[in-house]
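One structure below.
The values are calculated or read from the model by the stated rules, or taken from the named source; none is laboratory data. Keep in mind that this is a model prediction, so the values were computed, not measured. Here the Cβ positions follow ideal geometry from the backbone for every residue, glycine too, while neighbour counts run over all protein chains shown. All accessible areas refer to the heavy atoms of the entire protein, side chains included, with ligands and DNA or RNA removed. Shrake-Rupley method; radii C 1.70, N 1.55, O 1.52, S 1.80 Å.
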Amino acid sequence: MMPSARKPMRYGHSEGQTDVCFDDTGSCIVTCGGDGDVRIWENLDDDDPKSINVGEKAYSCALKNGRLITAVSNNTVQIHTFPEGAPDGILTRFTMNANHVIFNGDGTKVAAGSSDFMVKVVEVADSSKQKTFRGHDAPVLSLSFDPRDVYLASASCDGSVRVWKMADQTCTTSWSLLQKCNDVVNAKSICRLGWQPGSGKVLAIPVDKVVKLYRRETWESHLDLSDTFITQPLNVVAWSPCGQYLAAGSVDGGIVVWNVETQECIERMKHEKNYTICGLAWHPKTRQIAYTDTQGNLGLLENIGVAKKTNDKVASAVTKDYNDLFDGEDEDYLNGDMIEPQSSPRANEDDDDDLRPTSGRLRRAIIDDDNSLDVGMIKANSNNLEKEDDDDDDDQTDGFPALPPSSTQQPFYDGPMPTPKQKPFQSGSTPAHLMHRFMVWNSVGIIRCYDDEQDNAIDIEFHDTSIHHATHLPNSLNHTMADLSTEAVLLACESTEELASKLHCIHFSSWDTNKEWTVDMPKDEDIEAICLGQGWAACATSALLVRVFTVGGVQKEIFSLPGPVVSMAGHGEQLMVIYHRGTGFDGDQCLGVQLMELGKKKKQILHGDPLSLTKKSHLVWVGFSAEGTPCYVDSEGMVRMLNRGLGNTWLPVCNTREHCKGKSDHYWVVGIHENPQQLRCIPCKGARFPPTLPRPAVAILAFKLPYCQVTTEKGQMEEQYWRSVLFHHHLGYLSKNGYELDGNITSQAVREQQELLMKLFALSCKLEREFRCVELADLMTQNVVNLAIKYASRSRRLNLAQRLSEMAVEKASELATVPGDEEEEEDFRKHLNAGYSSSASEWSRRPVRSVQQDQEMEDAEEADACEEVEETPEVPKQRPNPFSKGVTSAEVTAPKPVVVASSSQGRVNPFKVSSSKKDPVVPSANVLDTMSKYSKKTSSGSRAANKQNPPVIKPLIPKPKSKQASAASFFQVRTPSSSEKTREDRQEEAGHEPHEVQVTAQENTENRRPKTGFQMWLEENRANILADNPDLNEAEVIKEGMSRFRVLSSEERKVWTEKAKGGAVNDLAEDKKRKRPAAEEGEVKKNQEQTSEDSNLSKKPKPLDQSTNVRLSAFAFKQS
């Protein structure tokens, strides 16, 4: 007897859903399709099939007793006579089109399921007798009549399969088996189900890659039919008229037939072009199956289940050709339980007999621990494990690898299965086999590709048309990859038999006239991924090479990859390459990432580190944020970002699945922004990617780090704090690489972070978690620690305030000890900023903000934190911030002796607020503003304050400075009083560098500074302290001094304070005169300024000092 035969397919209808059935005697095949025609074929070789036009589109057809029923696009179900094809009326109507129509066993009833969620059963003889079944929440996919006419089964896009009792239209049972989607076109499978003919004992439902069989009445799943040949979801099932065999067709063109009783697979066939099988029908008498696909073709399979010769090769027992694995719509994306294709070494099989269990049932009993059934094993037994005597036993017949050994040679292997490696892709592109697709959608623009009958072309559109106008290009070379930057368009095509793989660049920003160049790859080397950076382009090839070019076409570096490339991305000087490090198992991919900088100093940041992916997921997008931080997204919707602040680790910053309404909805990422924090993506209902038309709308999602208990106030603030820290690392990175930045951003970030820390501190205080308070204070800047001390003392937490004051002294002494070389400088700065940024130049200027605002902010913070307005009566409403290091030096806080020393060496409290109303300058930590690349490093003090040339920060060389000098050099360009302006201008004219003056004055610095009462007391009593404790260092002397100073009565302390007060004004005047360089004609101006500043100082209210500052600053926490 002959084995089964597959005939060449015939083209029958236009692209789209098709259906097929035989007439009652099997004398002809009937098909319908998207062109609205029903064709009647006498056999597959019929060159002139009869055609009946039934409407604009026909979705489904059924034939019995000389009546042809069709579901058409005008939302009706029609009857035609058969075979004449004369219209015979409308059977029923819906509000949307019907998707499936069927006859019952005797042809008296018709059931139809529609996209308006309804199922109707209509009597053919009298169409007024209708029953409507309501309950599905989405379009109905398919139906099946119970042969006994008791039940009706229906499958729907809502993910459920229901069984209805026809007599009273009630739902008997419902299973949630399918993936939810919003429409039939997005459905992973049309789920054509079927009752077993005759008895109706079981209902067969295709679910993903298995056919589930449910028993009648008990409605329990009693077995699953599966086969290793099936690698993609099954679309349709059809029973043979005898009820003994069950055929199933898959979305990638596989057809499998089982003997249901023995559960063995008797037939495997692969569609010649891997198109989705959407129609299956058995011949009523012979062993033939007619099948149709979504491209309108008709095929026929003959002699099914006929025994084969024993030494015949199991040619069709194959796994899928994995080349198409990652193309295709939602259903073609990787599912974790596939097996890597491999040939089965079948040589020397003869001795293996003892390994084989006698039956599949036995194997199931031995190793399967649940109700699953390994059909591969049964099949292996049923085919008597054909022994192959041919030498070419490893050949892959029909282009398919032979059966994996897991189901033949090694029946007892139950370990992890290797995962097929995902194919290379371009981020922001949709699958290459689509006729209309996105080649790339990124933050610069969109490139679309059209490949249909009329045109093979590429459209380029820019989000910002000032970069370049939209462009239309012919695609004669069939480019499949594209990338787009603000400088160029990069295209690449794979090689053909005649042509090499080409890289084509359109450098539209070039200033010369030749804007395009093309490079051919060497023979047998295919481009698999491409990307553009600033001034360069790169491609990764099948030879495991990455080739770098300049944007003008000069070949530059080449380097080898450790494994096949998955994707690449570029931004500025950074190149990120993702590749396969090895083989993953159990659905996991095993990827590695290389991150390099291709600037003047070429270096590798990530050396092929493993890439973290969610379990059983694959990579779907890789790129950079607009600010240049590497990010990637996996198929489970997890977005991860590089955390430069924690040794280049990856941190999940958003889970897009949390924002999806349905299980089969996805977000397709097109861009990431850190400031403002935005994840830009396109919502796709029931699919993984958007269609090109209508133009998809971009949605913006918020980021959320996966911190615990974010519903609580504490968790929420912690998440906000660390998110702010993470999303501002790019500032440090960019400034280190010499980019110009706006200082507002950094100062705002630091302020936001410090406010959050202060709120967390207040919360911990309320909860009486004082240890936690100290831990939080460790993350704070000097100035905010002072605020925390004030809060702690107001909250009567004296122990906490004491500990914080010790921490403040430590922080101050750290500031004071300036390391010599630059490397240590950076560490010191890291320490100071405890977790904001690791930049090389945080010390920059910040734009002017009035002191008043600043104080209001701090006051608001305090009020916020304290929730009690506890003010001392004498304090004026607009008081200067008691913790600012202003010009009135009597207000300096307690650890300031050390701070003063440190300031004299060029360190300034980054949160200092100047108290003089005329001099509203607010510095801040790590401000990275207005840095111009490679500009000449000028001494910042020598710039006139009103000149706008961008400052560049020098490495922090210890510099002696008076307060005024510090203000001039460390702060943002400000608007000083006119007299100051003139003085500074004159100073520049006279050509004096304040730096020199400061150096000469260095020895004097300590004496010149206005002193607090405590400092004056300490100077006089230092000798005594040292006499008592000769081995104390400076910080310990100050500490000891503090404790002694506290013991003094308030009157004694007052005396010292008054002394300091009296000396302050004169000291400062002296200081000004000594600092200012002589300019011949400027004397008058200087005097005027002197007067204005002195009078300014004398206006400061003294009570302020005694009430708030001394009490808090000296840490003598007396309860008010």
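Miscellaneous remarks
- Lys-Lys pairs in the stretch 32-165 that are eight or more residues apart or on separate chains and whose Cα atoms lie under 14 Å of each other come to 8.
- For the stretch 468-590: rounded, prolate or oblate by the Cα gyration tensor [a/c cutoff 1.5]: prolate
- Listed cross-link partners LYS811/LYS1039; LYS515/LYS601; LYS523/LYS556; LYS201/LYS270; LYS556/LYS603; LYS502/LYS736 are compared with a 25 Å cut-off, the Cα-Cα value being larger for LYS515/LYS601; LYS201/LYS270; LYS502/LYS736.
- Sites ARG1044 and ILE605, calculated FRET efficiency, Cβ-Cβ separation with R0 56 Å, nearest 0.05: 0.55
- Mean Cβ neighbour count within 10 Å, used as a protection proxy, ranking 494-501, 627-634 highest first: 627-634, 494-501
- Where labels lie 7 Å past Cα in the beta-carbon direction, separation of LEU1032 and HIS433 in nm: 8.3 nm
- The stretch 202-223 and the stretch 666-724: distance between their alpha carbon centers, rounded to Å: 39 Å
- If R0 equals 30 Å, the separation of the Cβ atoms of THR486 and ASN456 corresponds to a calculated FRET efficiency of about 0.65.
- Ranking by accessible area, most exposed first, for ARG695, ARG10 with a 1.4 Å probe: ARG695, ARG10
- Accessible surface of ASP168 - all protein chains present, 1.4 Å probe, nearest 10 Å²: 80 Å²
- Order by protection proxy (mean Cβ within 10 Å, highest first), peptides 1052-1060, 292-300, 709-717: 292-300, 1052-1060, 709-717
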